[in-house]
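The values are calculated or read from the model by the stated rules, or taken from the named source; none is laboratory data. The model shown is predicted, which means the values in this text are computed figures rather than measured ones. Cβ placement follows ideal geometry from the backbone for every residue including glycine, while neighbour counts extend to all protein chains displayed.
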Amino acid sequence: MSSLTDNKFTYKGNVPKVKYVLTEIEKAALKEVGRFVTKEAKNNLSEVTEKRTGLLKRSIGYWVKRKDKSVQVGVRKKAFYGLFIEKGHRILPKGFYINKRGLMAQKGTKKLTGGEGQKRRYRASTVEFGGNTVPARPFLTPAAQDNIPEIRKIVGQYMAELSKENVTVKTGGDEGSITRQ
């Protein structure tokens, strides 16, 4: 903390505390946005799926990334299937798998050479067994995209704190100020 004194004003500099206040306000805004989007995603989930165990709903959470200055809303590892509900997926016939190229192949058959053979096998199996797909039922994406004005409003409330004359954050030490003598 530096201090500069002349005959009319006393100024005590407080740059580290100002930086601290800025990061705390930013972190608080990100947490509030994370809470809001998580709540909206949980509401959307009850609209697109039927409740079975409630694991997916309990697994929706948010993470504030200080380094990137961002917030991520997502599903924890226990409920990995949330991605399949969000983006949709394909149900494979029994005895088939998706290979490294992203093509459907049958287990236990000889490997065909070249990509064209794989494509033919995929098309033939789709015709024979049918290509069942489960449509996407998004709940996370609309929670953020449909509420952009509300998110901006939340962030705006926290940024309005910066325009106040006396922004104080409890730091446990002296607080810098400008005083008139």
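Below are the figures for this structure:
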read-out	value
Val33 vs. criteria among the β-branched types (Val, Ile, Thr), at pLDDT 90 or above and not in a helix (DSSP H, G or I)	no
Where a residue in region 8-27 is within 23 Å of Arg152 (Cα to Cα) and its partner, wherever it lies, is at pLDDT below 85 and assigned to a helix (DSSP H, G or I), with Cβ under 6 Å and at least six apart	Ile25/Glu161
Some residue of region 45-65 being buried (at least 18 other Cβ atoms within 10 Å of the Cβ), in contact with a helix residue (DSSP H, G or I) (Cβ under 9 Å, 6 or more places away or on another chain), free of Cβ contacts under 8 Å to residues at least 40 places away in the same chain and among the charged types (D, E, K, R)	yes
Residues being charged (D, E, K, R) and crowded, with 18+ Cβ neighbours inside 10 Å - total across region 25-44	1
Tyr158 being at pLDDT 55 or above and hydroxyl-bearing (Ser, Thr, Tyr)	yes
